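The values are calculated or read from the model by the stated rules, or taken from the named source; none is laboratory data. These numbers were taken from a predicted model, which means no experiment stands behind them. Ideal geometry is used to build each Cβ from the backbone, glycine not excepted, and the neighbour counts take in all protein chains shown.
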Amino acid sequence: MRRTLIVMSALAAACALAPQAGAEPAADPALKVQAVFGTEQFPMAGVAADIAPCGGGASLATITTGADGSAVYAGAPGCYRVQVAAPIGCMLDGDSALEVTSVPGATPLATFRFRCA
């Protein structure tokens, strides 16, 4: 009897952890931010990017680039305004804000290039 309970518990746990057959696939990220520096375009970690709707309004999120120089915002499809500030000792090559439009099946990329001393 004890062995039966152990086997049944193990089977129940395996069923609970197994993915469901009709589950929806993971949604695409709304946008990806990339920060690079130098002519070689080395990845730049630690750059904070504010994400807001294109039409204006409050910031939806602030994401920070990782060791690979990129960060992902996982929101719904739509138009987003991405704004960064140059870290100390660096200058931004281009605009500090970009607008990107996200649609299902495609992840737009907002790339910011810096020149650092």
Inset, instruction - Would you please name the residue that is modelled with the lowest pLDDT, looking only at residues in the range 18-42 that are of a type in the set (D, E, K, R) and part of a loop (DSSP other than H, G, I, E, B)? - result: GLU24
Inset, instruction - Could you please find all residues in the range 41-75 being over 15 Å from LEU92 (Cβ atoms), among the aliphatic types (A, V, I, L, M) and touching a residue at least 40 places away in the same chain (Cβ under 8 Å)? - result: VAL72, ALA74
Legend entry - The lone exception for ILE63 - which of (1) part of a strand (DSSP E or B); (2) on the phi > 0 side of the Ramachandran plot it fails: (2)
Inset, instruction - List every residue pair whose Cβ atoms lie under 8 Å apart, where the two residues are 6 or more positions apart in sequence or sit on different chains, the first residue falls within the range 76-96 and is among the β-branched types (Val, Ile, Thr), and the second residue, located anywhere, is in a loop (DSSP other than H, G, I, E, B). - result: VAL84/VAL47; VAL84/SER96
